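This report refers to the structure that appears directly beneath it.
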Amino acid sequence: MSVLVSIGDFSRMTHLSIKALRFYHDQGLLEPARIDPDSGYRFYEPAQVPVAQVIRRFRDLEMPLDQVKAVLQAPDLETRTKEIISHLTAMEAKLAEMQMSVASLRALLEGPPDRPTVEFRSIPATPVLAVRETVTAEESFAWGAGAFEEVYGQIARAGLSPAGPGGALFPAGFFELEQAELTAFVPVPEVPPVDGRIQALTIPAVEAAVMLHTGPIGDIDQTYGRLGTVVAERAIGVDGPIREYYLVPFDEPDPPGGHRTEICWPVFHTAAAGPA
């Protein structure tokens, strides 16, 4: 006959609270070896201790319950390993984002940088290949990476080279509502045949106040803030999408010298604006 221990003793053996053990039982993660039919008391086998400890460590790593269950119920070692690696990869990405946020906050606390240079520029109408789609702010990074991959692939298959850096149009709704129709585009010297969701468009001419963002892409809001301040102080802003030009591909994880993105804020005619 196997040895059984009470839920209280099992709690002490595993450092899991009784509340947690009951919850894991309800979720089908860790079922007691026996439940007394009269009292309803739960009893566990000592052999279940390693399983409980594994669950506790996965939960300490914020692994979702369904993923913990997938690991515990995996039919083989390969499947189990894939589930664990998937969660560790997600945690590493989350840690990198947190480290970036900490560095950004430190920079803000150290005080504002010197007033950056703003260039007033006339940007001519430009033929491009583009992808347009309604996207949420949360989806925008992954969507942009996929859209640019498709567009650059189409240009290469046509035997052409881009006529300038890729860019994107961000209408006001994207910032205000966190969802809008975005346009990811790449200038081309001539318009080749297109297929799929790629479109041949002409990005309209615009007068813009332009500021270069360098450094982590997660800090680009700071450059937006500084550029928007200059535009507001001069009262020269006009309606229209803000556009970004990626001098370094925005999805490149760690480019030498950091990211370099031009932010273009639409304004009145540049001749009236003067240099900043």
Can you give the charge dipole size of segment 1-58 about its Cα centre, rounded to the nearest 20 debye, using +1 on the beta carbon of Lys and Arg and -1 on the beta carbon of Asp and Glu? 280
Just tell me which aspartates and glutamates come within less than 14 Å, Cα to Cα, of residue 19; anything on the same chain fewer than 8 places away is out. 9, 31
Give the residues of segment 52-77 whose amide nitrogen is closer than 15 Å to a point set 7 Å from the Cα of residue 2 in the direction of its Cβ. 52
Furthest towards positive pole of dipole, 130, 40, 225, structure part the chain, Cβ charges: 40
At a Förster radius of 25 Å, what calculated FRET efficiency corresponds to the Cβ-Cβ distance of residue 95 and residue 152, to the nearest 0.05? 0.25
The chain, relative contact order [Cα under 8 Å, separation at least 6], %: 17
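We did not get these values from a lab; they are worked out from the coordinates using the rules stated. Not measured: the values here are computed from a predicted model. In this analysis, Cβ positions are derived from the backbone assuming ideal geometry, glycine residues included, and neighbour counts consider all displayed protein chains.
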